[in-house]
Amino acid sequence: MIVLIIGLMLVLIGIMIMLSKKNMLRIIIGFSIVDTGIHLIIVAIGYIKNATAPIIDLGVKTTRDSSGLISVIDKVADPVPSALVLTSIVIGLAVTALMLSYAIRLYQKSGTLNIDDHEESKW
Amino acid sequence: MFKYIFAILCVIGFGWMMWHLVQGFYIPDTMNEIADSYVSGSVNELKIPNTVTAVVVSYRGLDTLGEVTVLFLATAGVGFFLKRHRQTNAKRREGSEILKTGASFLAPMIMLFGIYVFTHGHLTPGGGFQGGVLIASATLLIILACPDCALPKHLIRILEGISGLGYVLIGILGLLILGKHSFLDPRIMDMGEWQKLFSGGAIPIIYSLIGLKVGSELSSVLGYLKGGGEES
């Protein structure tokens, strides 16, 4: 619960930064904060009460029946949100690098990072 | 002034939208059906202790292929924006003695650790993405210590191409050997013993290829960012 609320607050802070700041680098930082908040929300959804990490190691109690099928006794967390977060972290990194390179290019062209000076891309 | 009011209204609206998610949230006591079948299937059918790896590589393998594609496109975009037009001789500050010595000692070990992490991704916490990022961090250390050193661009490009191609070829091999509905099925190889390095069919190979691809792609992003900061 507390992780979910922290993630939600991070998302709101990031959106506020993205909408109110003028400097492009700060907008990109705001995007990263939104990204982190969303990761926290997804991880919070996958948690199960008193569960361990979903790695069936020697520390997790299992039983093996006569036909050799293993059944897990201890509670483990939902593996699907963890896998989704793993995916989204790498995508977030790549997208941030793309945005930074775009900002570098704009700075080289026009010598400013202020978003108000790039009026040609305004609708 | 009007802009700030609008921004605050947007944030409040979004927060009100998400508040329903918070209100309906509860921590469940047991796993839902999908997670349960994924865990038991990864333990019994695929013989992989790390169920997250089973979901990433096998059950949702097509998503991972798409993700690797997105990563490739982002890298290509960075390279497109930061292509160096003319060779410039900007003065860069050399790394200090401590940084140079530390990097020459640590960078090979970090790379080796990255390789360990992605080859053991089906047994321990870790995997291709984490190992690839570790390799890229070793590259960053080398770039910081020696700003004038050129990265082996051709080697990185060839590694990236071969690992991506191998990933797709293993997927198609599943279609050829096991028949339809089995793209990227890891059961084309012997499943091996429980909790051994060579187990889980093709999953260690696929995850190693993903690790190589992520590592080489992020390294080339770092190389582009290093060369693109100067006036062209």
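Only one of these is over 19 Å from B:V43 (Cα atoms) and out of contact with any Lys or Arg (no Cβ under 8 Å at 6 or more places or on another chain): A:A44, A:A77, A:A53. Name it.
A:A44
Just give me the residues in segment A:21-51 being among the polar types (S, T, N, Q) and either crowded, with 18+ Cβ neighbours inside 10 Å or out of contact with any strand residue (DSSP E or B) (no Cβ under 7 Å at 6 or more places or on another chain) (or both), in sequence order.
A:S32, A:T36, A:N50
List every residue pair whose Cβ atoms sit under 8 Å apart, with the two residues 6 or more apart in sequence or on different chains, where the first one lies in segment B:45-69 and is within 8 Å of chain A (Cβ to nearest Cβ) and the second, anywhere, is open to solvent by 30 Å² or more (accessible area, probe 1.4 Å) and aromatic (F, W, Y).
Here the result reads B:P49/B:W194; B:T51/B:Y38; B:A54/B:Y38; B:V55/B:Y38, each pair linking segment B:45-69 to a residue that is open to solvent by 30 Å² or more (accessible area, probe 1.4 Å) and aromatic (F, W, Y).
Could you say whether any residue in segment B:25-42 is open to solvent by less than 40 Å² (accessible area, probe 1.4 Å), in a helix (DSSP H, G or I) and over 29 Å from A:I2 (Cα atoms)?
The answer is yes, given that some residue of segment B:25-42 is open to solvent by less than 40 Å² (accessible area, probe 1.4 Å), in a helix (DSSP H, G or I) and over 29 Å from A:I2 (Cα atoms).
Search segment B:16-32 for residues that are under 13 Å from A:G46 (Cβ atoms) and pair each with any residue that is at pLDDT below 85 and not polar (S, T, N, Q) when their beta-carbon atoms are under 7 Å apart and the residues are at least 6 apart or on different chains.
Hits for this filter: B:F25/A:M1.
Could you tell me which numbered condition B:E217 fails, if it satisfies all but one of (1) charged (D, E, K, R); (2) surrounded by 14 or more Cβ atoms within 10 Å (Cβ to Cβ); (3) away from chain A (no Cβ under 14 Å); (4) within 28 Å of B:G77 (Cα to Cα)?
Unmet condition: (3).
What's the total number of residues in segment A:87-123 that are in a helix (DSSP H, G or I), over 29 Å from B:T69 (Cα atoms) and among the polar types (S, T, N, Q)?
So the answer is 1.
If we keep just the residues of segment B:146-172 that are of a type in the set (A, V, I, L, M, F, W, C) and modelled with pLDDT under 90, which is most open to solvent (accessible area, probe 1.4 Å)?
Here the answer is B:A150.
Report, by residue number, each residue of segment B:113-137 that is within 16 Å of B:V68 (Cα to Cα) and not small (G, A, S).
B:F118, B:F129, B:Q130, B:V133
Could you list, in sequence order, all residues of segment A:52-85 that are open to solvent by less than 30 Å² (accessible area, probe 1.4 Å), farther than 16 Å from B:E33 by Cβ and facing chain B (nearest Cβ under 8 Å)?
A:I55, A:I56, A:I70, A:A83, listed by residue number.
The values are calculated or read from the model by the stated rules, or taken from the named source; none is laboratory data. Treat the numbers as computed from the prediction; the structure is a model and nothing was measured. Here Cβ is always computed from backbone atoms with ideal geometry, including for glycine, and neighbour counts include all displayed protein chains. Ligands, DNA and RNA are excluded from the accessible area calculation, which covers all protein heavy atoms including side chains. Shrake-Rupley method; radii C 1.70, N 1.55, O 1.52, S 1.80 Å.
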